[in-house]
Each structure stands twice: as C-alpha cells, then as structure tokens.
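*Asks:* Following this message is one structure expressed as structure tokens.
The values are calculated or read from the model by the stated rules, or taken from the named source; none is laboratory data. It should be emphasised that the depicted structure is a prediction, and the values quoted were computed from it without experimental measurement. Because the Cβ atoms are built from the backbone with ideal geometry, glycine has one as well, and the counts that use them run over all protein chains shown. We work out accessible area using only protein heavy atoms, side chains counted, and drop any ligands, DNA or RNA first. Shrake-Rupley method; radii C 1.70, N 1.55, O 1.52, S 1.80 Å.
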Amino acid sequence: MIRFITGNKHKVEEAEKIFKNFNIELEAIDLGYDELQGTLEDVAKAGAKYATSKLKKSVIVEDAGLFIKALNGFPGTYSSYVQETLGNKGILKLMENVADREAEFRSVIGYCAPNIEPKIFLGRVKGQIALEEKGTLGFAFDPLFYIEEKDKTFGELSTEEKNQFSHRKNSLDSFIKWYSQL
Ligand code: ITT
Ligand code: NA
C-alpha cells in the first residue's frame, strides 16, 4: 500500500488507476501542508520529508507543472497559482501571436520514509499549447495541452488514455520500478 499525500482529487484518480495495474493499493491523504517555493524537486523532497515526519510512515507526494518554452518555462513552479488566477484564458492571451507553441508537463514524485532521506522521480511529456481550449476531461491545463500524435488535447483524453503517456504516468512508473525492488 502506498500513501499519496495530495489535495488534488484528479491526481488521485489518475494515480489510483496506474497503481492498480501493479496491484498496489493507494491511500490518498490530504495533509494540507504549505508548500515552500522552489524547484519541483525541492518542493517534492521537502513535502515528502514533512509528511513522513508528521505521519511517521512512508509517503509519496507530487509536485507538477506546465513549462511553456516561449514563456521561458512559465508558469512552471507557479502553475497552481497561475491556474487559479490567469487560468487557461490568461495563458492563451500570453500566447497570442506566438508561433512556437512547444510546452512540457513535468511531474516530480517525492518518496520518503522514517529514517531515510527523500528520493525523487521525474516524469515529463512534450506537447503544444493549443490555439483554444478543447475537451472537458481531465483538469486545469489539460484542455490547452495538445498532443500531435493523438490530434487531441489532454482535455479530450479519458484518464486511461492520458495515463498511457502522461508526465504523471512516467514519474510514477519510475517510482514503482524503484519501489518494487526495495
Ligand atoms: P497537491 O496537493 O498534490 O500539491 P496541486 O494541485 O497543488 O496538488 P501541484 O502543485 O503538483 O498540484 O501542481 C501544480 C498545478 O499544475 C496544478 O494545480 C494544475 O493547475 C497543474 N497541473 C499539474 N498536473 C496537471 C495535469 O496533469 N493536467 C493539468 N494541469 C496540471
Ligand atoms: Na501543490
């Protein structure tokens, strides 16, 4: 069993399905901890360490974000705040008349357990910022994130489809691979 510390129910839904394929049960716990500002890696490490010290148990946390090349990686580590303030409309506005639409979602899983230092696992996926929002599935930036091979945005993909190659799938795969040989 894995404890996933998060306040984001969409992440839980995606992660549950991924872990299920490995016959690992997921327990989601919303600890409501304050995130420090820093790289995804710093935030994931600090979050995992904090949650372990609170619960005295092994945990994973995730810090994720959308990095847009033409905006020098913005919103990046500010993704949560930017989603709540500018939203997808605001991102589209910033990307008006910008030809280079290249973007990347990144996910960093932080794992910690009592008496060990936190470990991190990175996952990424490349895509394009669409010209308009498309689809009602997924969450947050998903309707903006266009995948050329699928000719669809993440907002038009079911959880199962998104789970085939998302940043979260890649970081969790790398975590599960390591965890399985502990
Ligand atoms: P936690 O409690 O797990 O921290 P959170 O929603 O604050 O949940 P993050 O800080 O990891 O999550 O993620 C920052 C933001 O990036 C998140 O709120 C979304 O706006 C966006 N984001 C992350 N993963 C995404 C995904 O798969 N699809 C769309 N947007 C995503
Ligand atoms: Na967060």
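*Asks:* Do you know which residues across the stretch 1-28 are over 25 Å from residue 74 (Cα atoms), part of a loop (DSSP other than H, G, I, E, B) and in contact (Cβ under 8 Å) with a residue 24 or more places away in the chain?
*Replies:* Result: 1, 22, 24, 25.
*Asks:* If residue 180 meets every condition in (1) touching a strand residue (DSSP E or B) at 6+ places or on another chain (Cβ under 6 Å); (2) among the small types (Gly, Ala, Ser); (3) surrounded by fewer than 20 Cβ atoms within 10 Å (Cβ to Cβ) apart from one, which number is that one?
*Replies:* It is condition (1) that residue 180 fails.
*Asks:* In the stretch 151-182, which residues are in a helix (DSSP H, G or I) and without any contact (Cβ under 8 Å) to a residue 12 or more places away in the chain?
*Replies:* 161, 177
*Asks:* Of the residues that sit in the stretch 18-41 and are open to solvent by 70 Å² or more (accessible area, probe 1.4 Å) and in contact with a Ser or Thr (Cβ under 9 Å, 6 or more places away or on another chain), which one is modelled with the lowest pLDDT?
*Replies:* Looking at the filtered set, the residue picked out is 35.
For every residue, the table says whether it meets (1) in contact with a Pro (Cβ under 7 Å, 6 or more places away or on another chain); (2) of a type in the set (Gly, Ala, Ser); (3) within 11 Å of ligand 1 (Cβ to nearest atom).
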| position | (1), (2), (3) |
| --- | --- |
| 71 | no, no, no |
| 87 | no, yes, yes |
| 93 | no, no, no |
| 105 | no, no, yes |
| 144 | no, no, yes |
| 154 | no, no, yes |
| 168 | no, no, yes |
| 171 | no, yes, yes |
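*Asks:* Considering only the stretch 155-164, state which residues are under 22 Å from residue 131 (Cβ atoms) and open to solvent by 40 Å² or more (accessible area, probe 1.4 Å). Walk me through it before giving the result.
*Replies:* Within the stretch 155-164, the first condition is being under 22 Å from residue 131 (Cβ atoms), and the residues that meet it are 155-157, 161-162.
Those that are under 22 Å from residue 131 (Cβ atoms) and open to solvent by 40 Å² or more (accessible area, probe 1.4 Å): 156, 161.
*Asks:* Something else about it: If we only count strands (runs of 3 or more DSSP E) wholly inside the stretch 47-150, which ones have 2 or more residues that are surrounded by fewer than 22 Cβ atoms within 10 Å (Cβ to Cβ) and in contact with a Lys or Arg (Cβ under 7 Å, 6 or more places away or on another chain)?
*Replies:* 102-112, 119-129
*Asks:* Then there's this: Which one of these does residue 59 not meet: (1) within 13 Å of ligand 2 (Cβ to nearest atom); (2) touching a Ser or Thr at 6+ places or on another chain (Cβ under 7 Å); (3) of a type in the set (A, V, I, L, M, F, W, C)?
*Replies:* Just one mismatch for residue 59, condition (1).
*Asks:* Please enumerate the residues belonging to the stretch 1-15 that are more than 22 Å from residue 66 (Cα to Cα) and either among the β-branched types (Val, Ile, Thr) or open to solvent by 70 Å² or more (accessible area, probe 1.4 Å) (or both).
*Replies:* 1, 2
*Asks:* In addition: Would you confirm whether or not the stretch 29-39 contains a residue that is within 16 Å of ligand 2 (Cβ to nearest atom), in a strand (DSSP E or B) and not basic (Lys, Arg)?
*Replies:* Yes: the stretch 29-39 contains one or more residues that are within 16 Å of ligand 2 (Cβ to nearest atom), in a strand (DSSP E or B) and not basic (Lys, Arg).
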